[in-house]
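Right, one structure below, let's go through it.
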Amino acid sequence: MNWCCGGGGGVVTIHRADELRHKAFAIKIRQIDDTGADLLTTSCANCRQTFDDGQAHFNWDKTMRSLLELVADQLEAPAAPH
(Lines give C-alpha, C1' and ligand atoms only; values in the text may rest on other atoms or scores of the structure.)
Protein backbone atom coordinates (compact mmCIF):
# COMPACT_ATOMS: atom_id res chain seq x y z
CA MET A 1 0.00 0.00 0.00
CA ASN A 2 2.97 2.29 -0.60
CA TRP A 3 2.38 5.61 -2.35
CA CYS A 4 4.69 7.16 -4.95
CA CYS A 5 6.61 10.23 -3.79
CA GLY A 6 5.06 12.19 -6.68
CA GLY A 7 8.23 12.74 -8.69
CA GLY A 8 8.48 9.42 -10.47
CA GLY A 9 9.64 9.34 -14.05
CA GLY A 10 11.18 12.79 -13.71
CA VAL A 11 7.88 14.56 -12.94
CA VAL A 12 9.80 16.50 -10.29
CA THR A 13 11.28 18.56 -13.15
CA ILE A 14 7.88 19.45 -14.68
CA HIS A 15 6.94 22.53 -12.71
CA ARG A 16 3.44 22.83 -14.13
CA ALA A 17 2.75 19.58 -12.22
CA ASP A 18 3.94 21.01 -8.87
CA GLU A 19 0.46 21.28 -7.33
CA LEU A 20 -0.43 17.65 -8.07
CA ARG A 21 3.08 16.47 -7.13
CA HIS A 22 2.82 18.22 -3.76
CA LYS A 23 -0.57 16.58 -3.12
CA ALA A 24 0.98 13.16 -3.77
CA PHE A 25 3.96 14.00 -1.58
CA ALA A 26 1.67 15.02 1.30
CA ILE A 27 0.31 11.46 1.25
CA LYS A 28 3.89 10.12 1.26
CA ILE A 29 4.72 12.31 4.28
CA ARG A 30 1.78 10.87 6.23
CA GLN A 31 2.80 7.32 5.30
CA ILE A 32 6.37 7.86 6.44
CA ASP A 33 5.43 9.70 9.62
CA ASP A 34 3.04 6.85 10.50
CA THR A 35 5.95 4.38 10.42
CA GLY A 36 7.96 6.29 13.03
CA ALA A 37 11.10 5.81 10.93
CA ASP A 38 14.15 7.86 11.89
CA LEU A 39 16.26 7.13 8.81
CA LEU A 40 14.88 7.52 5.29
CA THR A 41 16.79 5.94 2.43
CA THR A 42 16.20 5.61 -1.30
CA SER A 43 18.17 4.27 -4.21
CA CYS A 44 16.19 6.41 -6.69
CA ALA A 45 17.63 9.77 -7.77
CA ASN A 46 14.17 11.09 -8.71
CA CYS A 47 12.82 10.20 -5.26
CA ARG A 48 15.80 11.88 -3.62
CA GLN A 49 15.21 15.09 -5.57
CA THR A 50 11.48 14.95 -4.86
CA PHE A 51 12.08 14.44 -1.14
CA ASP A 52 14.50 17.37 -0.99
CA ASP A 53 11.95 19.57 -2.76
CA GLY A 54 9.06 18.30 -0.62
CA GLN A 55 11.04 18.76 2.58
CA ALA A 56 11.58 22.42 1.68
CA HIS A 57 8.00 22.97 0.45
CA PHE A 58 6.35 21.48 3.54
CA ASN A 59 9.06 22.44 6.08
CA TRP A 60 9.20 18.73 6.92
CA ASP A 61 11.62 17.67 9.63
CA LYS A 62 12.82 14.50 7.91
CA THR A 63 15.74 14.18 5.46
CA MET A 64 16.06 11.55 2.75
CA ARG A 65 19.44 9.90 2.34
CA SER A 66 20.55 8.04 -0.73
CA LEU A 67 21.65 4.43 -0.48
CA LEU A 68 24.90 5.47 -2.15
CA GLU A 69 25.58 8.00 0.64
CA LEU A 70 24.98 5.41 3.33
CA VAL A 71 27.33 2.92 1.69
CA ALA A 72 30.00 5.58 1.08
CA ASP A 73 29.82 6.65 4.73
CA GLN A 74 30.77 3.11 5.75
CA LEU A 75 33.80 2.76 3.47
CA GLU A 76 37.21 3.00 5.01
CA ALA A 77 40.08 4.75 3.32
CA PRO A 78 42.77 2.35 2.15
CA ALA A 79 45.68 1.97 4.57
CA ALA A 80 48.73 4.03 3.69
CA PRO A 81 51.63 1.95 2.41
CA HIS A 82 54.49 1.55 4.89
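The values are calculated or read from the model by the stated rules, or taken from the named source; none is laboratory data. This is a predicted model, so every value here is computed, not measured. Ideal geometry is used to build each Cβ from the backbone, glycine not excepted, and the neighbour counts take in all protein chains shown. The accessibility values were calculated without ligands, DNA or RNA, using every heavy atom of the protein model including side chains. Shrake-Rupley method; radii C 1.70, N 1.55, O 1.52, S 1.80 Å.
Data table
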| read-out | value |
| --- | --- |
| Test: residue in segment 53-65 that is aliphatic (A, V, I, L, M) and under 9 Å from the mean Cα position of the chain (by Cα) | yes |
| Residue that is closer than 16 Å to Asn2 by Cα and out of contact with any Lys or Arg (no Cβ under 6 Å at 6 or more places or on another chain), where the choices are Lys62, Lys28 | Lys28 |
| Residues of segment 1-47 classified as open to solvent by 30 Å² or more (accessible area, probe 1.4 Å), modelled with pLDDT of 90 or more, in contact with a helix residue (DSSP H, G or I) (Cβ under 9 Å, 6 or more places away or on another chain) and under 21 Å from Arg65 (Cβ atoms), total | 3 |
| Residues being of a type in the set (A, V, I, L, M, F, W, C), closer than 24 Å to Val11 by Cβ and out of contact with any Leu (no Cβ under 7 Å at 6 or more places or on another chain) - total across segment 52-82 | 5 |
| Residue match in segment 49-68 (condition: exposed (fewer than 11 other Cβ atoms within 10 Å of the Cβ) and hydrophobic (A, V, I, L, M, F, W, C)) | yes |
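Residues checked against (1) in contact with a His (Cβ under 8 Å, 6 or more places away or on another chain); (2) not β-branched (Val, Ile, Thr):
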site	(1), (2)
Cys5	no, yes
Glu19	no, yes
His22	yes, yes
Ile27	no, no
Gln49	no, yes
Ala56	no, yes
Trp60	no, yes
Ala72	no, yes
Leu75	no, yes
